[in-house]
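**Q** Pasting a structure here, questions to come.
Each value in this text was obtained by applying a stated rule to the coordinates, not by laboratory testing. Being a predicted model, the structure only gives us computed values, none of them experimental. Cβ atoms come from the backbone with ideal geometry, glycine included; neighbour counts cover every protein chain shown.
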Amino acid sequence: MAQLPPPLEIHDLTVSYDRKPVLYGVDAVVEAGSLVGVVGPNGAGKSTLIKTIMGIVQPNGGWVKIFGQPYKKAVTRVGYVPQRESVDWDFPVSVMDVVLMGRYGHAGLMRRVSKRDRRIASECLEKVNMQPFSDRQIGNLSGGQQQRVFLARALAQESDLYLMDEPFAGVDAATETAIVELLRDLKERGKTLIVVHHDLSSAREYFDKLMLLNMRLVAYGEMEETFTPDLLQKTYGGRLTILSDVAGQAAGRSEFEQEGTPKL
Amino acid sequence: MQLLGLGSIFTILFFAGCDAGDSDGKLVVVTTTTHVTDMVKFVAGDRLDVIALMGPGVDPHLYKPSAGDAATLAKADLIFFSGLMLEGRMADVFAKVSRRGTKAYAVTENVSEKSLLEPEEFEGHWDPHVWFDPAIWSKCVDVVSDALTENDPEGKAGYTERAEALKAEYLAVTHWAQARLSGLPEGSRYLVTSHDAFNYFGRAFGLEVLAVQGISTATEAGLADRVAMVDFVKKHGVKAIFVESSVNPAIIEGIAKEAGVMIGGELFSDAMGQPGRLEKGPDGEQYDIGTWVGMMKHNVNVIVEGLK
Amino acid sequence: MREEFFPTFDSVSVFVDPWLSGFESTFQVVLMGFFVCLACGVIGNFVVARRLALVGDAISHSLLPGIAIAFVFTSSRSLPAMLIGAAVAGVLTTVLIELIHRKSRVKPDAAIGIVFTTLFAVGVVVISIWLDNVHLDADCVLYGEIGLVPLRESFILSGANLGPLPIAIMGAVALLDILLVIVFYRVLLVTSFDAGLARSLGMPVNTTHYGLMIALALTIVAAFEAVGVVLVVAMLIFPAVTVGFFFERLPALLFGVAPLSLAYSLGGFHLARWLDCSIAGAMVVTAGALFVVAWFFGPKGGLIYRSRALGFLFATSKQKISPQIVG
Amino acid sequence: MKVLRTIPVFVLLVFFAFPALVHAARIGDVTDTDWGEQTFRFLSLRDAAVRNAVLGSVFMGVSCGLFGGYVVARRLALFGDTLSHAVLPGVALGFLWSRSKDPVAIFIGATLAGLLGTVVVAWIRKTTRVKEDSALGLVLSGFYAVGICILTVIQQMEFGNQSGIDKFLFGQAAALSSEDVSLMGVVAIGALMMVTLFNKELLVTSFDEGFARSVGVPVEFIRYVLLVGLTFAVVTSLQAVGVVLVSALLITPAATAYLLTDRMGTLLLLSALFGVAGGLLGSYGSFLGNNLPTGPFVVLACTSFFAIAFFCGPKHGLASKWLRRRNRVRQVSLENTMKAAYQVLEAGDFAKESVTVGALAARRRTSVTEARREADDLVNAGFASMLGSDDAGPRYSQDARLFLTPAGWERACQIVRNHRLWELYLTNEVRYAADHVHEDAEKIEHVLGETVVRHLERILKDPRRDPHGKVIPSLEDIERGSGLSTNPASATGYFQQN
């Protein structure tokens, strides 16, 4: 019996901006139903990895396959949560409009949004507790609420593979908990999630698997195998002096995000 | 070299006072508009080289000097320009020209203010389109010949002679034009154009001039003006209206269509045609539309043919 | 009369003759070009950073009511009156733009559009109603021409002729802009790139904004008077953008403007000599050519450096991730 | 308030425009017009010029309004202005090619140059980090300079008829011909089709390009559909109505709509509406008198809509914002006075039912005059009644007695309750020191909603006392006041705590 192709397969992926390599020879296969955290120092290529998977950035070498197909063919099976700063929040759209955008991949081009699409969108808003805000202009929301809207949009895509770029950045504690619950829930339903995360200390609680990235793929695997002082040291290089502490206990704040090369 | 030890920037600035100048000693004469060029070239004859900045068909409002023009101006000995702000900022610069060895003359500088048209509200801002009035334009010839004589006394006889000849020719054209235009019936002496360049022409030859827009190129026509013009044309039975070479003809075309009259043809307003190109008038006479005489004949013929 | 569009290229007549047989005027034109590029370029860095790149073009339209109203008051087309009118209208334009985009959600570019179209319309209406018999528009009463600079009135200081006055004025304007930038460097830097931070540091954000806009308006109007529109509008944008392909930090950007200005001025002059066309136009064309060179070969974000493969044709705007200027 | 100047200027113009000034030969100077007659004539659509202007306004309003919505939202507002300069080399080359002012050659040249400019803008945006406005500026000035260079070359060549070519392409609103109008109609229909066909795609690409790509929207294709459509719309409008009017119609109606709505659909609709209305109003205005240029009048009509929205828009208008802020300030001040009254009563163990203005002033730490003013405000708002002198001077006010009405009592209890609940929440749950919580509670007491208060009660398990040991007024306390007569002279001591 032919095995189902994995949700995400990356082979020898190399990307560079301005002749500076950002990702180099990344190889990975993500199995269905994984909840993967992508961590690494600033400028390690985390966002670039997501963008390359989605074909927004063209790789210089290597390839990406999604459910055994190139991205263009698997578009409807991928949900995307971009970084919050990537859009103009003054844009004249309501919360509902944004969530409905998640249905566009299904509605097909040139077709109108159906009643069913609306119902699904409003259910997704319900799931992130944003139903009461559905008529608000998106600029009138707090950072956490904006992030929830993006999540609801991704939910509305009803995808099998979710790519999330820093969904926890700049959100309040309540939203953070809500997002984690949502991630778990999606995983339970057999979805695959790849989440770029900047806070090493919470990564251990939130994810099952970890992808340690610093231009090259340092390690990828189950949390116990990857969340080791050794590998973290390798990922973050010499920048982290109190590394063993961080690895030892998942709590506490890490300050290394302040350091590092300017973000690309 | 007239340098004193001032700031270093200024030192370099004026390091050069010593242009080589023209070796053959001939005066370099530069002219601006086509009308002035035509006049100066005729008066100067073969004695001097006259370099024109604006070629045929170049609108003085919109002219921009090229690098070559700038170089020409830099070595000019005499500059003749039209004046009365026709050349805009450039006239302003010429009027104040202060470089050693360059003299600038506005050909209209001796025209008496009384003979000039000026708006009632604003004194001293005369209508610059004086070349359409042969009487005024003849006076400008004297400015040219006097200026040339002053700078090249040896050529005096020739300049005076050619200036007189030119004035005679202007007079002849004036008589011819008056005769042509007097053939028009009294009730149809209306010259309708897009912008207000023909006031002197109207005054000199007894035509009522009406334009949709004012003199300034910054104005725009209004809807009411357009409709009023259509009414006017219909009411007075104007047979033809005219477009100008330097203005977008759309509005005149629209008015002609609505009023059911024809477009009489294109008139030369701020620039003349290409020198050497001959045109045949209805009476079989040939004239060069690159000269003032030819330009006047062209305009008069177009107007008379349209309105009669 | 000219027949061919591209004259034959003769390096002696293009490069050598202007300096041998007309050194003074050549030098003055090139120097004027340099000063204008420098003044506009220095201030243009901030204009580009604040997304107001088209403010120069906006002012070129919106000063019409200024000169019209100045004429109504003075009944004169003399340069000082026109300059004052234009300067007032220029400052009004920039202040209105700031006001609209700060007091409402309208973005700066739309604010520019609203302000300049409105002011221009006011100007046309004023002229159409009251001044239609006077030949009055910015082209004929205000805009200068770089080729005529050597003929302009002299600047005479204690008896010594120091060359054309406009050069001295433009030099002073350039110097003043540079001084302003040096003195207020920190404030300008922080307010341009992070107004929130500036406020928290207790910097006078509003004053700086309006001050910069006023300096901008005055520089632009002075430059219009000296060399006309084409060069000024372009020089507010080209140096800043071109330098951005080589440097990413503000001081470097500011220093990069000087050599570029020299290149534009010299290159443009000789290009104009060859093609025998407008000098200001040729300077901008030179700037355009240098921009294209930087676009391809610039070490910071140039196409060649961007990717070894020809991936750039498929890449997207999402790639330009790093901020224009890392403060 | 220099922004105000645009409006008076407009108003002034409208007022002073009509007494036509006299000089010679302009048609407007030799004809008389009359308001009423002209209005009738405009409405009768008797003149072809008026018909063209009306139809043209409708078509241009629709197409520029629709395109404008996206253009403004995408920060491409100056696209129209850019194209109007960028077409110059095309115009010059069209002239060179045809060797005459052939409208067709010049139009083709202009369109090609416009398209090239558009492509260069898109390219710069795609391959560099140069911002939209700078990209537009580069194309505007670069192309324009090329055009100027070609023109200076042309002016030396032997054509004899090149005068005015740089203005030749640009029409004016009053010169609209029926051909122009039909062309505009085609463009308007095209714009309508584009918006209905690609509604979703345009919305999602404009808002979030990365996401659009991720759901498989052909982002590049949509971008070019928009830009090419826009180019065509701008170039056709340019030759019909001129530079400035095109720029204004593209920006101002859309920006006006942007101030009034938060939804793209409504924005497009409003924008088209404002465009049409501005066109009609401007044409009508310029028809009323002589020498009133049509295009600029349309621009000014659009701007006056914008100014109205800018100042009086219900949501984002300056005046509305100011009013809202003032109401807020007033409400907070009323609430603070009521709270002070409550606290005075509380300090007297609720033995009395009235508060003297003097006591209020002491509590609020203000002058008696100020306290009297605040008390009067309360009375005017119906939250209290006053017994005592009508003379507002401090000497008389000192002893004037203030009675809270049931509504005032209820509100006072609520405010105090909010304040104390919040203090308790901060100390018990967030673990602030008890002496640090007052400031915070001072602000939040005015904005805590019903649901939050219920939530706090649940978390804090219906507390009775705040961290400072004071009683938190309960629902019963509030009800205690509701059955009262408002007669200040009646019983005593009914607020007494048991």
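**Q** Please return the longest stretch of chain C lacking exposed loop sites, where GluC sites (Glu not before Pro) count only if DSSP places them in a loop and at most 10 other Cβ atoms lie within 10 Å.
**A** In short, C:5-327.
**Q** Between C:Val16 and C:Val292, what FRET efficiency follows from the Cβ-Cβ distance if R0 is 25 Å, with the result rounded to 0.05?
**A** Details: r = 27 Å, r/R0 = 1.10.
Calculated value: 0.35.
**Q** Starting from the Cα coordinates of region D:326-480, work out the convex hull volume and express it per residue in Å³. Mind dumping the intermediate values first?
**A** Working: hull volume 17.4 nm³, N = 155.
Convex hull volume per residue, Cα atoms: 112 Å³.
**Q** Let me ask another. Using Cα atoms only, what is the angle between the long axis of helix D:219-241 and the major principal axis of chain D, expressed in degrees (0 to 90) to the nearest 10?
**A** 70 degrees
**Q** Then there is this: Check every DSSP H run in chain B and write down those whose alpha carbon atoms cover 27 angstrom or more along the long axis and whose mean Kyte-Doolittle hydropathy is -1.0 or greater.
**A** B:156-182
**Q** Roughly how far apart, in whole Å, are the Cα centres of region C:99-164 and region D:53-118?
**A** 24 Å
**Q** Could you list the GluC sites (Glu not before Pro) in region B:42-142 that lie in coil according to DSSP, counting only those with at most 15 other Cβ atoms within 10 Å of their Cβ?
**A** B:Glu109, B:Glu120, B:Glu121, B:Glu123
**Q** What nm value, rounded to one decimal, do you get for the distance between D:Ile308 and D:Trp123 when each label is placed 7 Å out toward the C-beta?
**A** Placing both labels 7 Å along Cα→Cβ, they lie 4.5 nm apart.
**Q** Considering the dipole of the protein assembly as shown built from charges on the beta carbon (Lys and Arg +1, Asp and Glu -1) around the Cα centre, which of D:Ala73, B:Gly254, C:Phe73 is farthest to its positive end?
**A** So the residue we want is D:Ala73.
**Q** Also: Placing one identical point scatterer on every Cα of region C:11-240 and ignoring solvent, what is log10 I(q)/I(0) from the Debye formula at q = 0.14 Å⁻¹?
**A** -0.92
**Q** Something else: Can you check what the Kirkwood hydrodynamic radius comes to for the protein assembly as shown, Cα pairs only, in Å to one decimal?
**A** 36.0 Å
**Q** Further, regarding this structure: Assuming 0.890 mPa s and 25 °C, estimate D for region C:144-250 with Stokes-Einstein, Rh taken as the Kirkwood radius over Cα pairs, in µm²/s.
**A** Answer, rounded: 153 µm²/s.
**Q** What's the Cα-based Rg to Rh of chain B, Rh via Kirkwood?
**A** Radius of gyration over Kirkwood radius for chain B works out to 1.03.
**Q** Hey, how much of the P(r) for chain A falls beyond 23 Å, as a percent of Cα pairs?
**A** 53 percent
**Q** Given H placed 1.01 Å from N in the peptide plane, which residues other than close sequence neighbours of B:Gly57 have an amide H under 5 Å from its amide H?
**A** Residues meeting the criterion, in which the H sits 1.01 Å from N, are B:Met272.
**Q** Using the Cα gyration tensor of region D:34-319, with a ≥ b ≥ c the square roots of its eigenvalues, what is the shape: rounded (a/c below 1.5), prolate (a/b larger than b/c) or oblate (neither)?
**A** oblate
**Q** Right, something else. Tell me which cysteines of chain D come out unpaired when the rule is another cysteine's Cβ under 4.7 Å.
**A** D:Cys64, D:Cys302, D:Cys312, D:Cys413, each lacking another Cys Cβ under 4.7 Å.
**Q** Moving on to the next point. Treating only the Cβ of Lys, Arg, Asp and Glu as charged (+1, +1, -1, -1), what charge dipole size does region A:8-258 show about its Cα centre? Round to the nearest 20 debye.
**A** 1060 debye
**Q** Classify region B:136-175 as rounded, prolate or oblate from the Cα gyration tensor: take a ≥ b ≥ c as the square roots of its eigenvalues, call it rounded if a/c is under 1.5, otherwise prolate when a/b beats b/c and oblate if not. All intermediate terms of the calculation are to be shown ahead of the outcome.
**A** Details: a/c = 5.68, a/b = 2.03, b/c = 2.80.
Oblate, since a/c reaches 1.5 and b/c is not below a/b.
**Q** Let me ask something additional. Take the Cα atoms of region C:53-111, build their convex hull, and give its volume per residue in Å³.
**A** Dividing the Cα hull volume of region C:53-111 by its residues yields 70 Å³.
**Q** Could you work out the pair-distance distribution P(r) of region B:8-171 from its alpha-carbon pairs, with 5 angstrom bin width and percents rounded to whole numbers?
**A** Taking all Cα pairs of region B:8-171, the binned fractions are 1, 8, 17, 21, 19, 15, 10, 5, 3, 1, 0, 0 percent.
**Q** So, R0 is 35 Å and r is the distance between the beta-carbons of D:His438 and A:Arg136; what FRET efficiency does that work out to, to 0.05?
**A** E between D:His438 and A:Arg136, to the nearest 0.05, is 0.60.
**Q** Let me check the size of region D:226-335 from its C-alpha atoms; what are the radius of gyration and Dmax in Å?
**A** For region D:226-335, the Cα radius of gyration and maximum Cα-Cα distance read 17.7, 62 Å.
**Q** Under unit Cβ charges (Lys, Arg +1; Asp, Glu -1), what dipole magnitude, rounded to 20 debye, does the protein assembly as shown have relative to its Cα centre? Walk me through the intermediate numbers first.
**A** Numbers: 123 positive and 138 negative charges, 840 e Å.
Using only the charged Cβ atoms, the result is roughly 4040 debye.
**Q** To continue, here is another question. For the pair B:Glu253 and B:Ala135, what calculated FRET efficiency results from E = 1/(1 + (r/R0)^6), where r is the Cβ-Cβ distance and R0 = 22 Å, to the nearest 0.05?
**A** Numbers: r = 34 Å, r/R0 = 1.53.
E between B:Ala135 and B:Glu253, to the nearest 0.05, is 0.05.
**Q** Under a Cβ-only charge scheme (Lys and Arg +1, Asp and Glu -1), can you give me the dipole magnitude of chain C about the Cα centre, in debye to the nearest 20?
**A** 1600 debye
**Q** What number, rounded to the nearest 500 deg cm²/dmol, is the helix-based mean residue ellipticity at 222 nm of the protein assembly as shown, given -39500 (n - 2.57) per DSSP H run of at least four residues and division by all its residues?
**A** That calculation yields -17500 deg cm²/dmol at 222 nm.
**Q** Stretched out fully, how many nm does the piece from A:Glu222 to A:Arg119 gain, at 0.36 nm a residue minus the Cα gap? Don't jump to the answer; show the numbers that get you there.
**A** Working: separation 103, 0.36 × 103 = 37.08 nm, distance 3.72 nm.
Answer, rounded to one decimal: 33.4 nm.
**Q** Working only with C-alpha atoms, what are the Rg and Dmax values of region C:151-212, expressed in angstrom?
**A** 17.7, 53
**Q** Sorted from largest to smallest, which semi-axis lengths in Å does the alpha carbon gyration tensor of chain D give for its equivalent ellipsoid, taking the root of 5 times each eigenvalue? It would help to have the intermediate numbers written out before the result.
**A** Numbers: eigenvalues 899, 182, 68 Å².
Semi-axes (√(5λ), whole Å): 67, 30, 18.
**Q** To continue, here is another question. In degrees, nearest 10, range 0 to 90: what is the angle between the Cα axis of helix D:6-16 and the longest Cα principal axis of chain D?
**A** Helix D:6-16 sits roughly 60 degrees off the main axis of chain D.
**Q** Label-point separation (nm) for B:Asn151 and B:Leu278, each offset 7 Å from Cα along Cα-to-Cβ?
**A** Label-label distance for B:Asn151 and B:Leu278, simple model: 3.4 nm.
**Q** Whole-Å semi-axes of region B:185-307's equivalent ellipsoid, largest first, each the root of 5 times a Cα gyration tensor eigenvalue?
**A** Rounded to whole Å, the semi-axes are 24, 16, 13.
**Q** Exposed loop sites here are trypsin sites (Lys or Arg not before Pro) in DSSP loop states with at most 13 other C-beta atoms within 10 Å. What is the longest stretch of chain C lacking them? Before the final figure, lay out the partial values.
**A** Working: sites that count: C:Arg249, C:Arg308.
Result for the longest clean stretch: C:1-248.
**Q** How large is Rg over Rh for region B:106-165, taking Rg from the Cα atoms and Rh as the Kirkwood inverse mean of 1/r across Cα pairs?
**A** 1.09
**Q** Run the simple label-point estimate for B:Glu164 and B:Gln178 please: 7 Å along Cα→C-beta, distance reported in nm.
**A** Taking the two extended label points, one gets 2.2 nm.
**Q** Here's something else I'd like to know. Between exposed GluC sites (Glu not before Pro) in chain A, where DSSP calls loop and at most 13 other Cβ atoms lie within 10 Å, what's the longest gap?
**A** Values: sites that count: A:Glu31, A:Glu255, A:Glu259.
Of all site-free stretches, the longest is A:32-254.
**Q** From the residues C:Trp19, D:Phe403, C:Trp295, which one has its Cα farthest along the dipole of the protein assembly as shown in the positive direction, the dipole being from +1 and -1 charges on Cβ of Lys/Arg and Asp/Glu about the Cα centre?
**A** D:Phe403
**Q** Could I ask something else about it? Using 0.36 nm per residue, how much length does the chain from D:Val186 to D:Tyr224 gain when fully extended, once their Cα-Cα distance is taken away?
**A** Length gained, D:Val186 through D:Tyr224: 11.8 nm.
**Q** Please report, for the Cα atoms of region C:46-179, the Rg to one decimal and the Dmax as a whole number; what are they, in angstrom?
**A** So, for region C:46-179, Rg and Dmax equal 17.1, 56 Å respectively.
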